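Some notes on the structure that comes next.
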Amino acid sequence: MGWYLIRRTAWAILLLWFISLFTFILLHLIPGNPAIILAGLNAKPQEVHALYIQLGLNKPLPVQYYKYVVDLLRLNLGMSAVTRDPVTTDLERYLPPTIELVVLSFTIYVILAVTLGAWSATHKGRLSEAVIRLGSVVGSGMPVFWLAALLQLVFFAHLGWLPEGGQYDISTQAPPDVTGFSLIDTALAGQWGKFLQAVDHLVLPVAAIVLAMLAVGLRSTRASVLQELQRPYVRTAKAKGDTEFRIMTVHVLKNALNPVISLLGVQFGYVLGWIALVETVFGWPGIGLYLFNSLQSLDYAPILAITLLTSAVFVVVNLLADLMYLVLDPRLRDRQGA
């Protein structure tokens, strides 16, 4: 497995380098002058020109990219023209809410996809099973931004059951910022009223992400479980008197989850791609909303930083999924030369 890990890591580094190069070139091909934004609307032409030179934008593109890579290796992600703060400072502020939303959404999605997929396989042909499959397909058939807006329209505008967006109500003072995670910070402060309020504000964005993915995970789990239920070891376990619950949890799911794990790595990439849309719709103060505002202002530094960060997370998650796949199915190690 050591050589396999080395090969995959080398490919991951090469991929991230290509993404940084592609994004850098693409951004510089878009018409616009970041120096004008950074200098401000009231800046004189001489001040804009001086800042243009100070930023190194007058230099050839390869020189600019070389400086960007050197700064990147020093963990210098540049300065945001919108917030006027270093991008690393902005990420420290905007990253925790996104991590909270992504981790919570993906955890709930995995639990529901595996549970409902396994239940659907063992209740094949029943009306309740058909309803679950139909509901998940309808949810995944909608674009995530449209689904988010629909949930907002129904549960906030019409029913008034859940808040429109944000982390807390407008009139609520946020708890002391310890971790940046609303659920943890409110719990640490012992402010349980605000904790429940934070939960309410998470329901709709989490639901939008989960519903947009659920059908794929459910179908994959269902198909894999149905295939495993036909294996001889299942009949042997039944002959020994094992309960259906034990057969499913101890034997079937262990083998059925192998292809599902690879799928989860890909779907995690979907979540990273959707996060800007979901956070913008719900006004969630994470890196997705930060990226949206940066795109509107053609703020190069945050766009490059967030693109590279999300790409790195996607690559690492897929690498971990592949390694877990090898651990669960030792037969694949010889095929991969691991």
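We did not get these values from a lab; they are worked out from the coordinates using the rules stated. Keep in mind the model is a prediction, meaning the values are calculated, not measured. Because the Cβ atoms are built from the backbone with ideal geometry, glycine has one as well, and the counts that use them run over all protein chains shown.
A few notes on this one:
- The label point for residue 179 and the one for residue 49, both projected 7 Å from the Cα toward the Cβ, are 5.4 nm apart.
- Point-to-point label distance, residue 187-residue 146, nm (Cα→Cβ direction, 7 Å offset): 3.7 nm
- Where only alpha carbons of the chain are counted, the Rg and the Dmax (Å): 24.0, 86
- Near residue 177: Cβ cut-off under 14 Å, other residues only, Lys/Arg at +1 and Asp/Glu at -1. The net charge is -1.
- Rg and Dmax [Cα atoms of the stretch 238-287; Å; Rg one decimal, Dmax integer]: 18.9, 56
- Here 99, 111 are placed in order of increasing Cβ neighbour count within 10 Å, fewest first, which gives 111, 99.
- In terms of its Cα atoms, the stretch 42-129 spans 74, 30, 23 Å along the principal axes, sorted from long to short.
- Residue 95 versus residue 296: modelled label distance in nm, points set 7 Å from Cα along the beta carbon direction: 2.5 nm
- In degrees, nearest ten, helix 2-29 long axis to first principal axis of the chain (Cα): 40 degrees
- Remark: 251, 158, 123 ranked as 158, 123, 251, counting other beta-carbon atoms within 10 Å and listing the fewest first.
- Label zone at residue 161 (point 7 Å along Cα-to-Cβ), backbone N below 14 Å, the stretch 169-206: 200-201, 203-205
- Summarising the amide proton neighbourhood of residue 79: residues at separation of 5 or more, or on other chains, whose placed amide H is nearer than 5 Å comprise 87.
- Using the Cβ-Cβ distance between residue 270 and residue 233 with R0 = 30 Å, the FRET efficiency computed as 1/(1 + (r/R0)^6) comes to roughly 0.35.
- Residues 248, 213, 142, 79, arranged from fewest to most other Cβ atoms within 10 angstrom of their Cβ, appear as 142, 79, 248, 213.
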